[in-house]
Every structure is written in structure tokens, then in C-alpha cells.
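As C-alpha cells, the structure follows; a few thoughts come after it.
The values are calculated or read from the model by the stated rules, or taken from the named source; none is laboratory data. Nothing here was measured: the structure is a model prediction, and the numbers come from that model. Here the Cβ positions follow ideal geometry from the backbone for every residue, glycine too, while neighbour counts run over all protein chains shown. Side chains are part of the model used for accessible areas, which takes the heavy atoms of the whole protein and leaves out ligands, DNA and RNA. Shrake-Rupley method; radii C 1.70, N 1.55, O 1.52, S 1.80 Å.
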Amino acid sequence: MQWLLNYLENSDGTELIQLMQKHFSDDLENSREISPETSAKLFKAIHDKISAEAKPVRRRVIPLRKIAVAATVMGLLLLSTFLLYNRNTSKETANAEVDKRRFKNDVLPGGDKATLTLADGSTVVLDDARNGTLAQQGSSKVIKVDGKLMYDPANNNSKEIVYNTISTPNGGQYQLELPDGSLVWLNATSSIHFPTSFMGKERRVEVTGEAYFEVAKNRDMPFIVTVNGSEVQVLGTHFNVNAYSDEDNVKTTLLEGSVKFVSGTNINMLRPGQQSQLASNGLIKVVSNVDVDEVVAWKNGMFDFDNAGIETVMRQLSRWYDVEIEYKGKTDDQFIAEMRRNIKLSDALKALELTGKVKFEIQGKKIIVLP
């Protein structure tokens, strides 16, 4: 205020007014104009107010012309703020209505959903089952505890080996503790086939889709994961296997320990931070310095995209929200985004739209991708 008063005392205010008028005319170019009659009334009211008599006080006297200039500037400021607020509010309301129409068929996120297939072929829907012992399979008790299934080898004298399968649907995930204490996380549209007790010289399981393993150490009994005809052989380690049929490669990513990836006659030893990529033609590529946080983000309840193409992004959303994808136009941009997986589909799509590279609509159980 002191700067403004000093400026007005030493100039006629022309430069300031011109600057303000240009600034606001640029911002208000498409706004509703005030009629000349209303403008005149506002202008008169300002001058009537500042011209009103007041009790004399000991203060510096500023010429009325200077105050009028300042009042005019303040009037422009208040008027511009009012118009901009109204315009932005109207725009926000209109955008909210458009979003409501585009995302009227919103979809909730996935959750702990899976089906357990027992040795006799009977099934248990785990998301509907109560906590506690569900069955006795071979030498192990099958126990459910809040989104996790555990195999307790209570009867070690039994030599019977039976197999169970846990499978997750689109929009599902589940955690499993194997009879040796190894932990497995299953992503959406995935499965694991395993014995209810490990006997002999190895611990062997079979996986489809995507799974994260924290294998209990046992040097006398290697842990082997069979995936798409290949094998991941470990003693005790943490690793992720991504073997979705709609992905270009089968990817095995090592976080801790060491693993041996075997495909036919090809054998590759992996160190932490490395990833083996098995192509459909049988060729294997080993990539170092992989962003392991991005790879296992799903297990930690996150979406993590680092320069990912739109098809990669939409495949993950499709599995988690159980929706189909339809592309209308081509989008070649790469996306960088990090989001929690517990948000609604519309919130995930709006976050991706903030990149300015793509727009979306939800129609029934289908996402429409628009460039």
C-alpha cells in the first residue's frame, strides 16, 4: 500500500492503469461484459464513497485525483476477481457435469478374491469363506486368515501328496503361505498349483499370470517355479514372475538372493536388480539395474508407471478393474504415474488425463481410450 501511495503521488497513474487494463482484458477476453449503465453506476458509487466528508484526522493528505486513480484500480481488481471467480466456478461446474457423464459407469477397485480348488476337484470361494480351518489336505490343514491362506503341516507322518490350486479372477489378488513357510502373493488373473506338503528332493510349484515369492531357505530342497515351460530355480530368495499371456515377455525379476532361470538349453543366473526376459521365440535377454519398486508395486498396493506405453498402462487397469479396453485413435506417448490401487477407476483415469496426452470414457464394462 505504501508503494502504491508513493507511486500515485509522483505520477498520474496512467502506466499502472494501462498495465492493469491489458492484464485483465487478456484474462477476461471471453467473460461476460458489464453493460455501460452498470459500469457508470459502479464508477459513480466509488467516487461518491471517496468524496464523502469525514472527520479531520492527523494524516497525510493525498489529492482526490490520486485516490480516485487508486480506487479505480481497486475497482478493476475486485471486478476482475469477481468475474474470474464466476467464470472458473461455471467452468468447474460444467467440467463436473461432463465427467459425470463420461464416468457414469464407474468401477470399484479389485480386492482379495480367489478360488481354491481342492485335490478332489471341489472348489471354495475364498472371499466368501469364513476365517478358520477350511479343509484337511494330505498332511496339511488349510487355514484362512483375512485374505491369506496358510498350509499348516500338522501331520508330518503322512506320506500322501495331494495338489491344490489357487486362482484369482480379474480384479482379484490373494496371499498364500506354503507348507514350508514360503510366502506367495498372486496378482489378478493368476494361479498357483502346488503340493500341500513338500517331500523328496525339491519344492516345485507351477504359476500362471503374476506372482511374487519370498522363499524360505532350504539348501537341501531347492524351490522350483515352473512357468510357461521354463523354470526358476532358487534356494531362498525374493523374486517376481510376470507371465501373462498378453505380455510380450515372461519376466523374472530378482530382488534378493540369487536365482537360476532355465529355458530349454539356456541357463541364466540372476543377481539382485536383474531381470530375465523370455521372448516368444525362445530368446532370453537379461536386463540390469531394473526398477524393482516399479516391478513389485502391485504387491504393495500401487500402480507405478515409468515411461510406460498406453497399452501397458491399460492392460494393468483392465486386469485390476475387470474391464475391456477399446482404442479410438493412436496414442504413442509414454506415461509416468504412481497411484494407489484402492481408488475407483474414474480417479485413476482422471489422474492419467492430467498428463494432457489422453482422454477416457467408461461405457458399461469398457474403457474407451481417446487421443
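Against the definition (at pLDDT below 95, over 28 Å from the mean Cα position of the chain (by Cα), within 29 Å of Lys344 (Cβ to Cβ) and not acidic (Asp, Glu)), how does Thr89 come out, yes or no? Spell out the reasoning first.
Details: at pLDDT below 95: yes; over 28 Å from the mean Cα position of the chain (by Cα): yes; within 29 Å of Lys344 (Cβ to Cβ): yes; not acidic (Asp, Glu): yes.
For Thr89, the condition - at pLDDT below 95, over 28 Å from the mean Cα position of the chain (by Cα), within 29 Å of Lys344 (Cβ to Cβ) and not acidic (Asp, Glu) - is met.
Of the numbered conditions (1) of a type in the set (D, E, K, R); (2) closer than 30 Å to Ile336 by Cβ; (3) free of Cβ contacts under 8 Å to residues at least 60 places away in the same chain; (4) part of a strand (DSSP E or B), Glu210 fails exactly one; give the number of that condition.
(3)
Scanning for something touching a Ser or Thr at 6+ places or on another chain (Cβ under 9 Å) and surrounded by fewer than 13 Cβ atoms within 10 Å (Cβ to Cβ), does segment 334-352 turn up at least one residue? Can you show your working first?
Just the residues of segment 334-352 that are touching a Ser or Thr at 6+ places or on another chain (Cβ under 9 Å), to begin with: 335-337.
Now narrow it down to the ones that are surrounded by fewer than 13 Cβ atoms within 10 Å (Cβ to Cβ): 336.
The answer is yes; a qualifying residue exists.
Taking the criterion of being under 29 Å from Glu324 (Cα atoms), touching a residue at least 12 places away in the same chain (Cβ under 8 Å) and either small (Gly, Ala, Ser) or in a loop (DSSP other than H, G, I, E, B) (or both), would at least one residue in segment 149-166 satisfy it? Please lay out each step first, then the result.
Going through segment 149-166, the residues under 29 Å from Glu324 (Cα atoms) turn out to be 165-166.
Within this subset, residues satisfying the condition of being touching a residue at least 12 places away in the same chain (Cβ under 8 Å) are 165-166.
Applying the additional criterion that residues be either small (Gly, Ala, Ser) or in a loop (DSSP other than H, G, I, E, B) (or both) yields none.
Checked segment 149-166: no residue is under 29 Å from Glu324 (Cα atoms), touching a residue at least 12 places away in the same chain (Cβ under 8 Å) and either small (Gly, Ala, Ser) or in a loop (DSSP other than H, G, I, E, B) (or both).
Ala129 - would you say it is over 22 Å from Val234 (Cβ atoms), assigned to a loop (DSSP other than H, G, I, E, B), open to solvent by less than 40 Å² (accessible area, probe 1.4 Å) and in contact with a strand residue (DSSP E or B) (Cβ under 7 Å, 6 or more places away or on another chain)?
Details: over 22 Å from Val234 (Cβ atoms): yes; assigned to a loop (DSSP other than H, G, I, E, B): yes; open to solvent by less than 40 Å² (accessible area, probe 1.4 Å): yes; in contact with a strand residue (DSSP E or B) (Cβ under 7 Å, 6 or more places away or on another chain): yes.
In short, yes.
Here is a check on your reading of the model: is Gly121 open to solvent by 40 Å² or more (accessible area, probe 1.4 Å), modelled with pLDDT under 90 and more than 30 Å from Leu349 (Cα to Cα)? Quick ask: steps written out before the conclusion?
Numbers: open to solvent by 40 Å² or more (accessible area, probe 1.4 Å): yes; modelled with pLDDT under 90: no; more than 30 Å from Leu349 (Cα to Cα): yes.
No: the conditions fail for Gly121.
Could you grab the pairs with beta carbons closer than 7 Å, sequence gap of 6+ or different chains, first residue in segment 260-273 and without any contact (Cβ under 8 Å) to a residue 12 or more places away in the chain and aliphatic (A, V, I, L, M), second one part of a strand (DSSP E or B) and surrounded by 13 or more Cβ atoms within 10 Å (Cβ to Cβ)?
Short answer, once both residue conditions are applied: Ile267/Lys260; Met269/Lys260.
Consider segment 119-137. How many of its residues are over 30 Å from Gln316 (Cα atoms) and in contact with a Phe, Trp or Tyr (Cβ under 9 Å, 6 or more places away or on another chain)?
So the answer is 2.
Looking at Gly229, Gly200, Gly172, Gly257, which one is at positive phi and either in contact with a His (Cβ under 9 Å, 6 or more places away or on another chain) or touching a residue at least 60 places away in the same chain (Cβ under 8 Å) (or both)?
Values: Gly229 fails: either in contact with a His (Cβ under 9 Å, 6 or more places away or on another chain) or touching a residue at least 60 places away in the same chain (Cβ under 8 Å) (or both); Gly200 fails: either in contact with a His (Cβ under 9 Å, 6 or more places away or on another chain) or touching a residue at least 60 places away in the same chain (Cβ under 8 Å) (or both); Gly172 fails: at positive phi.
Going through Gly229, Gly200, Gly172, Gly257 in turn, the sole match is Gly257.
For the list (1) open to solvent by less than 60 Å² (accessible area, probe 1.4 Å); (2) within 22 Å of Ser190 (Cα to Cα), I need the number of the one condition that Thr355 fails.
So Thr355 meets the others, but not (2).
Report whether or not Glu247 is in contact with a helix residue (DSSP H, G or I) (Cβ under 9 Å, 6 or more places away or on another chain), over 21 Å from Asn164 (Cα atoms) and not hydrophobic (A, V, I, L, M, F, W, C). Explain how you work it out, then say what you get.
On the way: in contact with a helix residue (DSSP H, G or I) (Cβ under 9 Å, 6 or more places away or on another chain): yes; over 21 Å from Asn164 (Cα atoms): yes; not hydrophobic (A, V, I, L, M, F, W, C): yes.
Yes; evaluated as a whole, the condition is true for this residue.
All but one of (1) at pLDDT 95 or above; (2) open to solvent by 40 Å² or more (accessible area, probe 1.4 Å); (3) under 30 Å from Gly111 (Cβ atoms) hold for Ser288; which doesn't?
Status for Ser288: all satisfied but (3).
I'd like to check something: does segment 260-269 contain any residue that is assigned to a strand (DSSP E or B), open to solvent by 30 Å² or more (accessible area, probe 1.4 Å) and among the charged types (D, E, K, R)?
Of all residues in segment 260-269, those assigned to a strand (DSSP E or B) come to 260-263, 266-269.
Then keep just the ones that are open to solvent by 30 Å² or more (accessible area, probe 1.4 Å); that gives 260, 266-269.
Cutting the leftovers down to among the charged types (D, E, K, R) gives us 260.
Scanning segment 260-269 turns up at least one residue that is assigned to a strand (DSSP E or B), open to solvent by 30 Å² or more (accessible area, probe 1.4 Å) and among the charged types (D, E, K, R).
Taking the options Leu370, Leu354, name whichever one is among the aliphatic types (A, V, I, L, M), in contact with a Lys or Arg (Cβ under 6 Å, 6 or more places away or on another chain) and more than 22 Å from Tyr244 (Cα to Cα).
Numbers: Leu354 fails: in contact with a Lys or Arg (Cβ under 6 Å, 6 or more places away or on another chain).
It is Leu370.
Within the bounds of segment 296-304, is there any residue that is surrounded by 18 or more Cβ atoms within 10 Å (Cβ to Cβ), assigned to a helix (DSSP H, G or I) and touching a Ser or Thr at 6+ places or on another chain (Cβ under 6 Å)?
The answer is no; no qualifying residue exists.
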